[in-house]
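A short write-up of the structure that comes next.
Bear in mind these aren't lab numbers, they're just calculated from the coordinates by the rules spelled out. What you see is a predicted model; the values in this text were computed from it and never measured. Reconstructed Cβ throughout: ideal geometry from the backbone, glycine too, with neighbour counts over all protein chains shown.
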Amino acid sequence: MIFKLLKLRLTQLRWNRAHVYITGRRQAELDAAVNEIREAGGKATGVRVDSIRLGELDALYAQIKEEQGRFDVLFANAGGGSMLHLGSITEEHFDDTFNRNVKGVLFTVQKVLPLLTEGASVILACSTAGSAGTAAFSVYSASKAAVRAFARSWILD
């Protein structure tokens with residue numbers, strides 16, 4: 001849904017001169033997204049990247065630096081979570097959720113900093129779960145609250 005809205009907005013802007021890099025863990029979905037953008041008249045590259053693997057982020061940004069030389073807008077939307085009540089939360093569940101939703105966002109943003117142009121934008125996708133309680137979603141909610149805290153702190157950095 002978020003991608004479809006973003007694609008619509010970019011299409012309304014007539015893709016300007018943007019070259020869109022779409023990342024994710026599932027190649028088939030990347031390929032479909034790239035095809036949608038290209039069919040709408042845009043330029044896009046799909047790169048399979050898991051944002052919790054820092055070496056993959058390094059390779060992504062090296063590729064972008066070589067191909068484009070700069071980065072204008074980062075839309076960090078990686079993440080996810082599953083529902084578990086407090087008594088069922090495991091260390092694995094906690095680590096997986098915080099790795100995807102917190103570690104992935106932190107290093108996705110940190111590693112792009114050298115490529116950001118003057119006036120560049122960083123957009124952090126979040127969730128209302130980060131500010132409101134939801135039954136069985138405490139770990140996910142806490143991870144999204146961390147992303148909100150990143151945004152509030154990074155604007156001061």
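Below, the figures for the structure above:
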read-out	value
Globularity index of region 49-155, i.e. its alpha-carbon radius of gyration over 2.2 N^0.38 Å	1.17
Extended-chain gain in nm, criterion 0.36 nm per residue less alpha-carbon gap, Ala132 and Asp96	10.9 nm
Per-residue Cβ neighbour rank within 10 angstrom, fewest leading, Glu67, Glu29	Glu67, Glu29
The chain, helix-only ellipticity at 222 nm - DSSP H runs n ≥ 4, -39,500 (n - 2.57), divided by all residues, nearest 500	-14000 deg cm²/dmol
Antiparallel bridge percentage (DSSP; both residues within the chain; nearest 5)	0
Fully extended contour minus Cα-Cα distance, from Ser153 to Arg53, at 0.36 nm per residue	33.6 nm
Order of Ile155, Ile64, Ile37 under a 10 Å beta carbon neighbour criterion, fewest first	Ile155, Ile64, Ile37
Label-point separation in nm, Glu118 to Ser88, each point 7 Å along Cα→Cβ	5.4
Residue-span extension gain [Thr45 to Ala32] - 0.36 nm each, minus C-alpha spacing	3.6 nm
Cross-link reach list, aspartates and glutamates versus Lys103, counting only Cα pairs under 17 Å and skipping chain neighbours closer than eight places	Asp50, Glu56, Asp58, Glu91, Glu92, Asp95
Aspartates and glutamates with Cα under 18 Å of Lys43, excluding same-chain neighbours fewer than 8 positions away	Glu29, Asp31, Glu66, Glu67, Asp72
Most fluctuating residue given options Leu124, Leu116, Leu84, as computed from a GNM of the chain linking Cα atoms under 10 Å	Leu84
